[in-house]
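In what follows, a single structure is set out as C-alpha cells and then discussed.
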Amino acid sequence: MINEKENIYETKSIPHVDPSMFEFVQVDERIFDKKFETKPIGYFKDAMIRFTKNKTNVTASIILAILILLSIIVPVITPKNYKRMEDQVAFLPPRVPLIEKLGILDGIVKYTDQPVRRETIDPDTGIGLPEGKLPQFIIPGSVKMYTRPCHEKNEFCYDGVNIVRLREPGTATLQAKNAYSFVVANNPILEVKVTEIFGTNTKAVIRLALAPNNALDLGEITEPGTYRFNINDLLSREEDFDARVQVVASSDIQDGSVTMEYIKLFDSSSEEPIVDENGYYFSVNYVMYQGNGIFERANGIYYRADFEYNIYADRFFERRERAMSEDQYLSIINANPSACVVVPNSEEYPDVLITYKEGCPIKRVVKQNEPMVVDGKTYNTYDVVLDYMRYKGYEKIPYYLFGTDYEGKDYFALLWYGLRTSLFVGVVVAFINISIGIVYGAIEGYYGGWVDLLMERFTEIIGRIPFLVWLSFFLLLFKKPGPAMLILLLTVTGWLGVASVTRTQFYRYKGREYVLASRTLGAKDSRIIFRHILPNGIGTIITASVLMVPAVIFSESTVSYLGYGIGRGTSINLGLFELSGTSIGVLLAEGRTYIVDKPYLLVYPTIIISILMITFNMFGNALRDAFNPSLRGSE
Amino acid sequence: MLRYIIIRFIWIFIVLFTFLSILFVTIRLVPEYPPTDKDQKEIYYEKLRADGYYYTEVIKDPAEVARIRRGQHDPCKKCYYKDETNQYRVYKPVPIASQYVRWVKNVLGHWNWGVSTRVQPNRGVFELAKERLPHTLKLNLIALFIYIPIGFTFGIIAALKKDKLVDNIISLGVMIFISIPNFVLLFILILVFAYGFKWLPTNWLSSDIKGIGQYTQLILPVLALSFGEIAYLTRLTRAELTEVLTSEFLLLARTKGLTRRQAVVRHALRNSLVPLVPSIIFSFVALVSGSMVIERVYSIPGMGSLYFQALTLGNMDYNVILALSAFYTSISLFAVLLVDLSYGLVDPRIRMGARK
C-alpha cells in the first residue's frame, strides 16, 4: 500500500461539473476539413522560436555578431596604420576619449627608477630632468626624486671610489687608456687621492709609462691620503712628453685592494685640473693592464626619479628625419602654403638653416646633406625636424584605443585584423573538416561490416595520437610552419567528430523503407547516400558541427601561440583579399613577452578571445538546442 | 577477458609502433641537427657508430685529405668528417632500412632511445625525460585530485537544483570556463593574481626551492589546468544525473518508500557513474596534453616544455621528440584500454569482448 503522505504525485480531485453547464461554440457549420487559418510552424520557425526564447543566448549571439562585424569593418575603415612599421609611435599605452578624464586609459605612463643627470638638478627644488625626456611633457608635481647607492660602471652613477682588487697575492697594474701630455714649462703636478688600503703589505706604486718598456716610478703609497707628485722635481726631464699613468697595486694576500677617489693632473696654465679622473670616468678611462686583478666601482650615487609622463605628446612632438628627399620636402611645403612660412630662427635653435611657422609639418631644416649623383642626376637630401603630429596629418594628438604594439601599429585595428584571420581559418578549416567527416562517415555507416571495421580502426589510430605529437610530425615534414601546415594540422584530427556523428545517422536511416524502395528502383549507392539518407540526417550533423568553428579557433590560437602558426609578416594570398598571418594566437604570444611593463598588449587579446570563445560556444549550443531540443543540457 | 586484454595490448603496440616507425623514417629523411660544439659532436658521432647507425671510413690518401681540407670534395649530406691530422675519419650513415632495424633492436632490446643532441648534448634521452617527469606528474595529479571532487559536486548540485538560480549560475560558469583556452586562462590568472595583487609568483620559481615557494608556484598552473576540466566534468555529471533522475527506476525507488536523499545517493548517483568514469579517464588525457602548453607558458621544467624545447625551429632534437611522442601517444592509447576495462568494473553487466 502506498502511504498517502509520501506519494510524490498528488492527484488533484476534479470537481464534478454538471453537463448542462456546457454549451457549443458553434453548431451550424462543419469545419473539420477546413484549412487552418493560422500559419503552420515549420521546422526552422520552431527552432527560431526556441532560439529566441533564451535571452542569455540571444545576447551572446548578438555580441558574437558584433565581434564578427567589427573584425570585418574595423580593418577596412580605420584611418590608423596597422600594417606598416612606425617606430616613432611604438608602445603607446591605451588612450580612450572621455574615459581619459577619469584618470585611467589616458595615455600617461608611470615611469619608475629612471636615471637623472646631476647637472640638471635644480638646487632650489631638488628636482632634475630624467634622461631622454622633455620637461614640458612631465606631468607637473608627479616627479619624486631619490638617490640610491650604486656600483655599476655607468655614467649616471656619480662620485664614489674605484678599487683595484687583487684576485691572488702578487701585483696588478692599472693603466690609463689615454696618455697625458706633460708640459715641463707649466710645472705639472699629479694628484692621487687614496681612501683605503686593505691587506697585509698592500701598497700602490704610481708610475708613468713613457713607452711599453720604459716606466718611471713616481712614488709608493702605503697609507690612505692625498698625494701630490711634482713631475719636474721627480723626473727632471727637459722636454715635454706624453705618458700613461699606471697604478701598480701589490699585496701579500688575496683580495688585497687599493681604493682611490681620483687622479688629477694640475698645471700652472689653469686653476682647474687639466685632467680630472673621478667617478665613472675614472672607471672607464683606466683598465687592468697586467696581473690578476679587477677594477671595480663602489659607493657611487644614483639620482633617480619616479614620474608620470605624457608619452603621446612626447612622441607626436617632433622627430628628426635625416636625409629627407627634396621631392618629399617640397611636396610637404607645397601642400601647406598657408602654414609653411619661413620665420626668423628662434633663440632655442639659432643655427638651423630655416625655421617654419608653427603649424607647418616641418619645423626646422637643420642642414642640407651632400648631394648624391646617380646616373647624372643630382639628388638633394635635407636633415629636418618634423612636427610629427602634423606630418602624420593629425590636427590633434590621436587616440589609440588599445595602444600600439612594438612596431607602432594601432593595436585596436590589429586585434580585429587578427580576429578576422582567426575566424577565417576557423570557418575554412571547419568547412574542410565537415566535408571530409560527412563523406567518410557516410561511407562507413552506409557500407558497414568490414569496410566500417577497417575505417573505424583507421580513425582510431589517427585519433589516438595527441594533437601536439601531430604538430611535431608535421613540423618535421614541412620543415617550417606555414599556412599549409596549419590547415593540415587542424584538419588531421578535426574531422573525426563529424565522421562519427554521420556514421551514427547513417546506421539509423539506412534500413528505412524509403531507402529500400529507392534501391529496388535501381538507384546507385551514391544516389542513396547523398540524395536520400544524407538530407535526412543533415540537421543533426550540421548542428553538431556548429561548435567546430570555436574548437578550430581554440586549436589555431594554441598552435599560433606556440609559434607554429602562420606567423606575423607572412600572409596567404586568397586572390580576392590577403589574409594576414597575424592571428589572435600570435598577438597573445607577443603580448606574453611584454607582460611585465606593457600588460595591455596581453590584456586586450585575452579579453577578445575569451569573449569570442564564450559567445561562440553559447551560440553553437543555443543553435543545437533549438534544432534538437532532446540534446539540451548534455555535451 | 584475459584474451581480450592481450588482443588490446597487441593492438596498442601495433598502433604505437606504426606511428613511431613513420616518425623515425621521417626524421632520418630531414636535415639533422647534431650538437654544435665540436667535442660534443665527436662524442655524438662515436655514440651513433657504437649504436650501429653509422660506420666509419678512414681516408689516408694525402691528395684526398688535402682536397677535403680545402673543401673541394663533394660531401655526403649526413656524413661527419673528423680531422685526425694526417687522415680523415668519415662517419657515414648506414642505409635507413638497416638503421631502422638497429633502432628497433636498441629500443626493444636495450631500452636505448639514443642521446639528446641540442637540449643537453649527449645525455640519454630516457634519463633526461625521467628527470622532467616528476614536475609533469605532480602538476597533473594535483589537478586531477582537485577537479574530480569539485566537478562532481557542482554537477550534482546543478542537477538537483535544475533550472533554479544555482543551476543557472553554475551553467554560466561552465560555459565560460569550457570556452576559454586554458593557456589564456593562465594569462588571466597571472595578470590578476601575480601582477595585479602580487600574491603569487609570475613564473615557476625553481625546482628545488624550499619553503612556501614550492607550493605557491603550483597554484596558478594547477588552477588553469583544473578550471576547464571542472567545467567539463560538471556539465557531464549534470547531464547524466538529470537523465537518471527522470528515469522510471528512480520513480520506482521513490514509490517503494525511499526518501529523495536515499534515492539520489543509492540509485541515481551510482547509475550516473557508468558513463562518467570513462569520461574522467579521457579528460585526464586531455589534461596531460593541455599541461604541455601550460608548462610552456609558466616555464615549468616538465616533459611538455622539454618537448617544445626539442621542437625549436632550426634547433630540433630528434631523439627527444621521438621518445616523448612515444610517451604521450602511449598515455593516450592506454587510457582507451583503461576506459574499455572500466566499463566492466563500474557496470558488471558489461563484459568487453565477450561472445554473445
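When the residues of segment A:144-176 are filtered to those that are of a type in the set (S, T, Y) and under 24 Å from A:D217 (Cα atoms), the one that is surrounded by the most Cβ atoms within 10 Å (Cβ to Cβ) is A:T173. Assessment of segment A:541-560 against the conditions (more than 52 Å from the chain's Cα centre (by Cα), modelled with pLDDT of 85 or more and either within 14 Å of chain B (Cβ to nearest Cβ) or at positive phi (or both)) yields no matching residue. Within segment B:10-38, the set of residues being more than 14 Å from chain A (Cβ to nearest Cβ) and not hydroxyl-bearing (S, T, Y) comprises B:P34, B:P35, B:D37, B:K38.
Considering segment B:257-285 alone, what residues qualify as being among the basic types (K, R) and within 11 Å of chain A (Cβ to nearest Cβ)? Outline the logic, then answer.
Start the filter on segment B:257-285 by keeping residues that are among the basic types (K, R), which leaves B:260-261, B:266, B:270.
Listed by number, the list holds a single entry, B:R260.
On the basis of being under 21 Å from the mean Cα position of the chain (by Cα) and either in a loop (DSSP other than H, G, I, E, B) or of a type in the set (S, T, N, Q) (or both), does B:S206 make the cut? When the stated conditions are applied, B:S206 does not pass them. Which ones in segment B:298-315 are at the interface with chain A (Cβ under 9 Å from one of its Cβ atoms), buried (at least 24 other Cβ atoms within 10 Å of the Cβ) and aliphatic (A, V, I, L, M)? Matches in segment B:298-315: B:A310 only.
B:V288 meets the stated requirement of being at the interface with chain A (Cβ under 10 Å from one of its Cβ atoms) and part of a helix (DSSP H, G or I). Restricting attention to segment A:439-473, which residues are more than 10 Å from chain B (Cβ to nearest Cβ), surrounded by 20 or more Cβ atoms within 10 Å (Cβ to Cβ) and of a type in the set (A, V, I, L, M, F, W, C)? Residue satisfying the conditions is A:A442 alone. Among the conditions (1) under 18 Å from A:R568 (Cβ atoms); (2) in contact with a Phe, Trp or Tyr (Cβ under 7 Å, 6 or more places away or on another chain); (3) without any contact (Cβ under 8 Å) to a residue 40 or more places away in the chain, A:P466 misses just one, which is (1).
Counting only residues that are over 24 Å from A:F431 (Cβ atoms) and without any contact (Cβ under 8 Å) to a residue 60 or more places away in the chain, which one in segment A:474-509 is farthest from the other protein chains (Cβ to nearest Cβ)? Walk me through how you get there before you give the answer.
From segment A:474-509, those over 24 Å from A:F431 (Cβ atoms) are A:475-476, A:479-480, A:507-508; that's our starting set.
Next cut, without any contact (Cβ under 8 Å) to a residue 60 or more places away in the chain only: A:476, A:479-480, A:508.
Values: A:L476: 5, A:K479: 6, A:K480: 6, A:R508: 20 Å.
Across segment A:474-509, the extreme among qualifying residues is A:R508.
The set of residues from segment B:127-168 being part of a loop (DSSP other than H, G, I, E, B) and either basic (K, R) or buried (at least 21 other Cβ atoms within 10 Å of the Cβ) (or both) comprises B:K161, B:K162, B:K164.
Would segment A:200-214 turn up any residue that is touching a helix residue (DSSP H, G or I) at 6+ places or on another chain (Cβ under 7 Å) and at pLDDT below 90? Scanning segment A:200-214, I find no residue that is touching a helix residue (DSSP H, G or I) at 6+ places or on another chain (Cβ under 7 Å) and at pLDDT below 90, so the answer is no.
Take the residues in segment A:269-295 that are touching a helix residue (DSSP H, G or I) at 6+ places or on another chain (Cβ under 8 Å) and modelled with pLDDT of 85 or more, then tell me which one is farthest from A:V248 (Cα to Cα). Among those residues, the one meeting the criterion is A:E277.
Among the residues of segment B:39-46, is any among the acidic types (D, E), more than 14 Å from chain A (Cβ to nearest Cβ), part of a helix (DSSP H, G or I) and surrounded by 14 or more Cβ atoms within 10 Å (Cβ to Cβ)? Yes - at least one qualifying residue is present in segment B:39-46. The set of residues in segment A:586-617 being within 15 Å of the chain's Cα centre (by Cα), at the interface with chain B (Cβ under 9 Å from one of its Cβ atoms) and in contact (Cβ under 8 Å) with a residue 40 or more places away in the chain consists of A:P605 alone.
The values are calculated or read from the model by the stated rules, or taken from the named source; none is laboratory data. Every value quoted in this text rests on a predicted model; they were computed, and no experiment measured them. Heads up, the Cβs are rebuilt from the backbone with ideal geometry, glycines too, and the neighbour counts pull from every protein chain shown.
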